[in-house]
1. For a quick check of your reading of the filter: which trypsin sites (Lys or Arg not before Pro) in segment 169-250 sit in a DSSP loop and have no more than 15 other Cβ atoms within 10 Å?
2. Just flag the GluC sites (Glu not before Pro) in segment 82-149 sitting in loop per DSSP whose Cβ has no more than 14 other Cβ atoms within 10 Å.
3. If the chain between Ala81 and Tyr279 were fully stretched, how many nm would it gain, using 0.36 nm times the residue separation less the Cα-Cα distance?
4. Per-residue HN-Hα couplings for segment 342-351, Karplus 6.51 cos²θ - 1.76 cosθ + 1.60 at θ = phi - 60°, whole Hz, x for Gly and Pro?
5. Would you list Leu136, Leu257 from the most to the least accessible area, probe 1.4 Å?
6. Give the Rg/Rh ratio for segment 201-343, taking Rg as the radius of gyration of the Cα atoms and Rh as the Kirkwood radius, to two decimals.
7. Measure out, as a whole number of angstrom, how far apart the alpha-carbon centroids of segment 74-151 and segment 371-401 sit.
8. Roughly how many Å² of Trp288 are accessible to a 1.4 Å probe, to the nearest 10?
Amino acid sequence: MGISIYLSRFLTLFLCLVFPSYLAIRGTDSLSDTALLFSSLSRRAEAVHFALTSPLAPAPAPISTEATGRRRKRYPSFPDALAHSINSFEQYAFLAEKVLQRKHARYAKQTPAQKAISNKIGYSTHFEKSRKAVELNARFVEQIAQIARAHYHTGPGALEDEEDADFGLVDLAFGHLSRDWSTQGAKERQAVFPRVLDGLERHFGGKGRGKKVLVPGSGMGRLASDIADLGYDVTANELDYGSILAYHLLTNHTHSLHQHTLQPFATKWTHQANPSSRYTALTVPDHWPNKSVKLVEGDFLNMFPEDAEFDAVVTLFFIDMSDNVIDFLSNIHRLLKPGGVWINLGPLKWGTHSALQLSAEEVLQLADVLGFDVDQTSRKSIDSLYAEQPETLLKFTYVTQFWSATKRV
Ligand SMILES: C[S@@+](CC[C@H](N)C(=O)[O-])C[C@H]1O[C@@H](n2cnc3c(N)ncnc32)[C@H](O)[C@@H]1O
């Protein structure tokens, strides 16, 4: 605590001394830039002071500005992916600041005349507003990291490998949170969830209460929760700690609906119709996560040794994530009881890592070869967006494929 107070005082003193000299050197033309820089630096000093003096917040590890070529530190007591995710949440504010600094550097390279014109349309105010949004988001993701550190007993300094942090991981988690647990995500959910829930209810003839359902690749867990709300006994499975840690916060450390506010798109400035859409705020969760859902953390292919454990397996935006779809479909088949149902809805956006990049027809031929009876009458193509920024001018529509298939007896 003592060190942190000295550090924040030092920063404040430093700013007071540097600011006048900076003005003198750059001249009054750059006054508004300088004021921006000053307010950003002083807020950073406050943020550092806050982060260091808060009894809850651990001090974030510094970010290196250049690759040092050091070997990556190993954390033997818990998975690398977990350390990477905690690091990414803890360093979010710094990583987001770097994104904004890159934007500011491009803006600042303009001629004074160009800058004056861009300021007439209020462009320079975006740096200020985005930084405020990043600070709001940082408070949210710091909670995720703290809860994770306590939950996995990481110890306070265990993760300070400064290169091991990823802005994209947090950005992705924000998109998934918005899709699964905000009112803004309701439209995307409504396009696909009812079809899946209806498929389950049809298969069990409305008597599914207590039936065992597996949702592999459950992401932030909303579909699993909605299935549990219907009375099924649901197991969710996920390997990405970005999603797992955020889900922990919502499920086990949230006391009221809409408790957490974030502005997840504050660093996304392209494809905007209006200046303000960058700062769309959303609150989560918009619905209570169903606490009866059991979350199994880890790879779907390794985590379920028992055969024929489930009455249903539901895959949503999942099968195309596989390295080899034969492994995923074989595992779904193995885990189902004879006569059990596999319900799928999702795109076929195979990655370059996928051994097979099958068409929908080929996936269903494969399912038949592996021992499924595909209900051809169930098949539908459904247009769906996924984790889109509200009001974006770029909309990516998946023509998702829905089907229901049963394990041949
Ligand atoms: C496109 S996301 C969809 C998430 C969720 N089903 C939804 O619709 O929002 C695919 C998810 O599958 C997870 N995943 C991919 N391979 C997996 C595996 N082998 N085991 C468990 N989860 C996996 C990813 O981490 C990711 O969260």
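The values are calculated or read from the model by the stated rules, or taken from the named source; none is laboratory data. Given the structure is predicted, the values throughout are model-derived calculations rather than measurements. Note: ideal-geometry Cβ built from the backbone for every residue, glycine included; neighbour counts use all protein chains shown. These area figures cover heavy atoms from the full protein model, side chains too; ligands, DNA and RNA do not enter into them. Shrake-Rupley method; radii C 1.70, N 1.55, O 1.52, S 1.80 Å.
1. On the way: sites: Arg179, Lys187, Arg189, Arg195, Arg202, Lys207, Arg209, Lys211, Lys212, Arg222; in loops: Lys207, Arg209, Lys211.
Here the trypsin sites (Lys or Arg not before Pro) that fit, given the DSSP loop and packing criteria, are Lys207, Arg209.
2. Values: sites: Glu90, Glu97, Glu128, Glu135, Glu142; in loops: none.
Filter output for segment 82-149: empty list.
3. Details: separation 198, 0.36 × 198 = 71.28 nm, distance 2.99 nm.
Stretched out fully, the Ala81 to Tyr279 stretch lengthens by 68.3 nm.
4. Once θ is set to phi - 60°, the couplings for segment 342-351 become 10, 10, 10, 9, x, x, 10, 8, 4, x Hz.
5. Numbers: Leu136 45, Leu257 70 Å².
Descending order: Leu257, Leu136.
6. Numbers: Rg = 17.6 Å, Rh = 16.8 Å.
Radius of gyration over Kirkwood radius for segment 201-343 works out to 1.04.
7. Comparing the Cα centres of segment 74-151 and segment 371-401, I get a distance of 32 Å.
8. Surface open to solvent at Trp288 totals about 110 Å².
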